[in-house]
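Working notes, structure below.
The values are calculated or read from the model by the stated rules, or taken from the named source; none is laboratory data. Just so we're clear, the structure is a prediction, and the values are computed from it rather than from any experiment. In this analysis, Cβ positions are derived from the backbone assuming ideal geometry, glycine residues included, and neighbour counts consider all displayed protein chains. The accessibility values were calculated without ligands, DNA or RNA, using every heavy atom of the protein model including side chains. Shrake-Rupley method; radii C 1.70, N 1.55, O 1.52, S 1.80 Å.
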Amino acid sequence: MDIMTVTLTTQAPAAHWGKADVTYQGAQAAIHLSGNDELRQVQMAARKVRNQGIDYVQLDGDLWNLHSQWAFAQGFATAKAGYEVNWCGSDADKATLKQRAEAALFARKLINDTPEDLSPVGLATQAAAWLKHIGGDHVSFSIVEGQELLAKKWVGIHAVGRGSERPPALLELDFNPLGADAPVSVALVGKGITFDSGGYSLKSSEGMLAMKCDMGGAATVTAALGLAMKAGLNKRVKLFLCCAENLISGRAFKLGDILTYKNGTTVEIVNTDAEGRLVLADGLQAASETGAGLIIDAATLTGAAVMAVGSNYNAIFSPQTATLQLAQQRAAAVSENVWPLPLDEWHKDMCPSAYADTANSRPVKGGGAGGASNAAGFLWRFVSPQANWLHVDLAAAFESSASALWAAGATTHGVLTIAELLKD
């Protein structure tokens, strides 16, 4: 196995390299830092190294730190296996990077998996098995699937998933290192749409191609919990994954249908492609029932968020200013990017219906202006007023094609932020 040693330097490259930011000499590569946004430079340089056909690297030198090594690893990663980054620095940094890499690999494999190979129940089962492997006896779980969802009044997950031959499912997982009567500190909710055709509001072929990533929220919160557990998390956390395939059949839900949720809220379906918020509504109610002081949900929810913040930020929403500020602080601490978008009380009413308490969207392409905030307003209806709540719209979770920063596929951007939020 040939290994390329990669160093950082603040020196300019030799004249014959021109303006190159990566230079090579034998089995060594040097990344030349120019002093502006060094982490972005490192990640872009990692893509260039990887694109040279180099699969194995050893990071070396005094200029590497925890953040720059992780930036390199993110740029170096691809959807295809068979690559490796060897860390340098302190034992503590190496241990942290190893834990991050294991969590990111888990999330990346799930998100990049084919829709055929990852069913809703399969997603729930794999997530539970991975967390059980990490947490042992501190982890217990159950999977509610198919018609049993209706018996428990989880109508959103059932409606979205009933068009598929493979049943929808809700994973309810409890990580409790403190004892049976310990209060739940945080509840995590993840959107787990293993494939999204758009339903009868059918997506275009191009728009459907990347929809294996629509369970990115479920993968993100699961990987974040696993990472926090690996790092010694010592609080009770519950996890809810809302898993379904949104397909077309004689059993599929239709435009004009009205769902009556467990909390009594009625929802008219005006767009079957606005399905993520329908399944999250169940998960947020389940999370609220735990009495958790903090509820965090993550979802690849709206194209509007991508339009607003681009694909290098995740959009965040919360009714509580302090919760937004905490999320920004924790994201900055691990060099991830988040940006708050508006959420006011009146956003709850931005999807009106003549037939129900609310519609699940506005009946226009993409949900219309302010679509990301309107989706967050819809979700707010299902969150306990007593809880602090953070909604993460994962605009940066997936790249449909390779860019200067990322290979095509899952990025895992957001895992570290949510793991940090679990610490306190």
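Under 1.5 on a/c is rounded, so check that first for the stretch 47-131, then, if it is not, pick prolate when a/b is larger than b/c and oblate when it is not; a ≥ b ≥ c are the square roots of the alpha carbon gyration tensor eigenvalues. If you can, show how the numbers build up before the last one.
Working: a/c = 3.49, a/b = 1.68, b/c = 2.08.
The shape class here is oblate.
With label points built 7 Å along Cα→Cβ from the Cα atoms of ALA402 and ASN65, find their separation and express it in nm.
Between ALA402 and ASN65, the simple spin-label model gives 3.0 nm.
Let me make sure I get this right: for the stretch 76-200, a, b and c are the square roots of the gyration tensor eigenvalues over alpha carbons, sorted descending. Under 1.5 in a/c it's rounded, otherwise prolate if a/b > b/c, else oblate. Which is it?
Oblate.
By how many nm would the segment from LEU202 to SER353 grow when fully extended, if each residue of separation counts as 0.36 nm and the alpha-carbon distance is taken off? The partial results should precede the final answer.
On the way: separation 151, 0.36 × 151 = 54.36 nm, distance 2.15 nm.
Result for the pair: 52.2 nm of gain on full extension.
Tell me the GluC sites (Glu not before Pro) within the stretch 56-140 that lie in a loop according to DSSP and have at most 13 other beta-carbon atoms within 10 Å.
GLU116
What is the distance, in nm, between label points placed 7 Å from the Cα along the Cα-to-Cβ direction at LYS152 and at ASP91?
4.3 nm
Evaluate the distance, in nm, between pseudo-label points positioned 7 Å from the Cα of GLN11 and of GLN328 along their respective Cα→Cβ axes.
Label at GLN11, label at GLN328, 4.1 nm between them.
5 Å is the cut-off here: which amide hydrogens, built 1.01 Å from N in the peptide plane, fall below it relative to ALA29, excluding neighbours closer than 5 in sequence?
THR5, VAL6, THR7
Please work out whether the stretch 323-424 counts as rounded, prolate or oblate from its C-alpha gyration tensor, where a ≥ b ≥ c are the square roots of the eigenvalues and a/c under 1.5 means rounded, while otherwise a/b larger than b/c means prolate and anything else oblate? It would help to have the intermediate numbers written out before the result.
Details: a/c = 2.83, a/b = 1.40, b/c = 2.02.
Cα axes put the stretch 323-424 in the oblate bin.
On C-alpha positions alone, give me the angle between the axis of helix 371-380 and the longest principal axis of the chain, in degrees, nearest 10.
60 degrees
Using DSSP, restrict attention to beta bridges with both residues in the stretch 178-306 and report what percent are antiparallel, rounded to the nearest 5.
Percentage antiparallel, nearest 5: 15.
Out of (i) 22.0; (ii) 23.4; (iii) 20.8, which label holds the value of mean projected area of the Cα convex hull in nm² that was computed here?
Among (i) 22.0; (ii) 23.4; (iii) 20.8, the one derived from this structure is (iii).
Got a sec? What order do THR220, THR114 fall in by accessible area at 1.4 Å, biggest, i.e. largest, first?
The most accessible residue leads, giving THR114, THR220.
Under 5 Å between amide hydrogens, which residues at least 5 positions from PHE398 or on another chain qualify, with H placed 1.01 Å from N in the peptide plane?
So PHE398 has HN proximity to THR411.
Using a Förster distance of 41 angstrom, determine the FRET efficiency expected from the C-beta separation of GLU84 and THR266, and round it to 0.05.
The formula returns an efficiency of 0.20 here.
Over the chain, what percent of the accessible surface lies on carbon and sulfur atoms, probe 1.4 Å?
Ligands and nucleic acids excluded, carbon and sulfur reach 51 percent.
Would you kindly state how much longer the chain becomes between LEU255 and GLN320 on full extension, computed as 0.36 nm times their sequence separation minus their alpha carbon distance, in nm to one decimal?
20.0 nm
What's the longest piece of the chain with no exposed trypsin sites (Lys or Arg not before Pro), counting a site as exposed if DSSP puts it in a loop and it has at most 14 other beta carbons within 10 Å?
Between exposed loop sites, the widest span is 255-422.
Apply the Karplus curve 6.51 cos²θ - 1.76 cosθ + 1.60, θ = phi - 60°, to the phi angles in the stretch 271-283 and return the couplings in whole Hz, x for Gly and Pro.
7, 6, 8, 9, 8, x, 5, 5, 6, 5, 4, 5, x
What angle, in degrees between 0 and 90 and rounded to the nearest 10, separates the Cα long axis of helix 66-76 from the longest principal axis of the Cα atoms of the chain?
Approximately 80 degrees, to the nearest 10.
Taking θ = phi - 60°, what integer Hz values does the Karplus form 6.51 cos²θ - 1.76 cosθ + 1.60 yield along the stretch 183-196, in sequence order, with x for Gly and Pro?
x, 7, 7, 9, 10, 10, 10, x, 6, x, 7, 6, 7, 10
Please list 3J(HN,Hα) in residue order for the stretch 156-172, calculated via the Karplus relation 6.51 cos²θ - 1.76 cosθ + 1.60 where θ = phi - 60°; whole Hz, with x for glycine and proline.
Each residue's phi maps through the Karplus curve to give x, 4, 5, 4, 5, x, 6, x, 9, 5, 9, x, x, 7, 10, 8, 10 Hz.
Could you state the accessible area per residue of the stretch 88-152 in Å², with a 1.4 Å probe and every protein chain left in place?
On the way: 3190 Å² over 65 residues.
Here the residues of the stretch 88-152 average 49 Å² of exposed surface.
State the antiparallel share, in %, of DSSP beta bridges confined to the chain, rounding to the nearest 5.
If I count the DSSP bridges inside the chain, around 40 percent turn out antiparallel.
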